[in-house]
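Note sheet for the following structure.
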Amino acid sequence: MAIKEEFVITYLDLLQELEKEKPDILLIDVREPTEIAKDGQIPKAINIKVTDVKEFEKLSEESFKDKYGIPKPAKDTKMIFSCFSGKRAENAAKQMQQQGYTQVYLYRGSFKEWNEKQKPERQAFIIKYEQLLEDQKKSDVLIVDVREPEELAETGEISESINIRSTDVVKEFKELSEESFKDKYGKPKPTKDTKIIFSCHTGNRSERVQNQMQDLGYKQVYNFEGGWKEWNREEKKKKENDSGTQKGN
């Protein structure tokens with residue numbers, strides 16, 4: 001049996017809920033952790049795999065909190081389920097209704113729709129080469145190259161940047177203390193308001209990381225979409241122009 005339409009919410013419904021200072025919902029993403037690490041997730045969502053939803057009722061309050069970091073929801077807690085395109089979320093919502101939970105909702109558009117709707121807003125957070133040159137001079141801007149260390153060893157790196165692999169960024173920002181971050185990377189750990197610029201080789205990996213960090217609530221996260229490829233090209237042009245000027249003199 002399909003979820004009744006009265007228990008299906010839209011993108012705007014969810015956005016309105018998330019914009020509340022203290023949302024009165026529990027948003028559950030039932031995708032695999034590897035999917036979330038790769039693509040990002042909707043802000044304020046917790047991850048409970050669709051295969052684990054059936055264990056909801058079996059877990060004690062203490063075990064639930066230990067596993068997911070939040071109190072176990074009551075039967076009348078408003079819960080919204082999401083996945084990538086809505087199918088797994090609908091299955092999870094049905095299971096929860098069968099377990100007697102009365103305020104179970106489905107975000108049918110799920111992460112696929114959320115990501116598409118958020119793209120125009122994210123387009124404003126793109127950095128070009130000229131702007132990056134200016135930001136390099138600022139001590140309150142953090143530039144993060146998310147390529148693999150062996151890539152940097154082969155090609156070189158953007159000056160004033162630090163290297164955190166794309167697959168490690170979220171973990172490092174979440175888990176490292178301010179002291180540990182400074183010891184490891186030689187830069188102060190950024191706050192949610194710090195301007196952070198991500199770069200890779202051509203802008204694809206850095207865009208994924210940008211999306212993940214925006215989903216975590218970082219407000220000034222930018223993507224240097226040209227990446228190392230553009231940086232290297234522009235730096236070579238600059239050297240050639242400087243060389244030509246010197247010869248002319």
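The values are calculated or read from the model by the stated rules, or taken from the named source; none is laboratory data. Because the structure is a prediction, the values reported are computed rather than measured. Note that we place each Cβ from the backbone using ideal geometry, even for glycine, and neighbour counts take in every protein chain shown.
Observations on the structure shown:
- Residues of the stretch 16-48 that turn out to be surrounded by 14 or more Cβ atoms within 10 Å (Cβ to Cβ) and over 15 Å from Met79 (Cβ atoms), as a count: 9
- Residue pairs meeting the criteria (Cβ under 7 Å; at least 6 apart or on separate chains; first charged (D, E, K, R), in the stretch 222-233; second in a loop (DSSP other than H, G, I, E, B)): Glu225/Gly203; Lys229/His201; Lys229/Thr202
- Filter result (in contact with a Phe, Trp or Tyr (Cβ under 9 Å, 6 or more places away or on another chain) and part of a strand (DSSP E or B)) within the stretch 147-162: Ile162
- When Val144, Val53 are checked against the criterion of being touching a residue at least 24 places away in the same chain (Cβ under 8 Å), under 25 Å from Asp215 (Cα atoms) and not in a helix (DSSP H, G or I), Val144 stands alone in meeting it.
- If you check Ser63, Ser85 for being exposed (fewer than 13 other Cβ atoms within 10 Å of the Cβ), among the polar types (S, T, N, Q) and outside any strand (DSSP E or B), only one passes: Ser63.
- Answer residue from the stretch 206-236, given it is surrounded by 17 or more Cβ atoms within 10 Å (Cβ to Cβ) and among the charged types (D, E, K, R) and is farthest from Phe173 (Cα to Cα) among those: Glu230
- Yes/no for Thr191 being surrounded by 13 or more Cβ atoms within 10 Å (Cβ to Cβ), part of a loop (DSSP other than H, G, I, E, B) and either of a type outside the set (A, V, I, L, M, F, W, C) or within 22 Å of the chain's Cα centre (by Cα) (or both): no
- The residues on offer are Gly109, Gly203, and the sole one that is touching a residue at least 24 places away in the same chain (Cβ under 8 Å) and on the phi > 0 side of the Ramachandran plot is Gly203.
- Test: residue in the stretch 188-204 that is modelled with pLDDT under 95 and among the aromatic types (Phe, Trp, Tyr): no
- Within the span defined as the stretch 35-56, every residue fails to be farther than 28 Å from Thr10 by Cβ and basic (Lys, Arg).
- Residue within the stretch 163-185 that is touching a helix residue (DSSP H, G or I) at 6+ places or on another chain (Cβ under 9 Å), assigned to a strand (DSSP E or B) and surrounded by 15 or more Cβ atoms within 10 Å (Cβ to Cβ) present: yes
- For Ala37, the test of being hydrophobic (A, V, I, L, M, F, W, C), in a helix (DSSP H, G or I), at negative phi and more than 22 Å from the chain's Cα centre (by Cα) is failed.
- Total residues in the stretch 1-31, condition modelled with pLDDT of 95 or more and among the acidic types (Asp, Glu): 1
- Within the stretch 127-143, considering residues that are surrounded by 16 or more Cβ atoms within 10 Å (Cβ to Cβ) and farther than 23 Å from Lys236 by Cβ, the one farthest from the chain's Cα centre (by Cα): Val141
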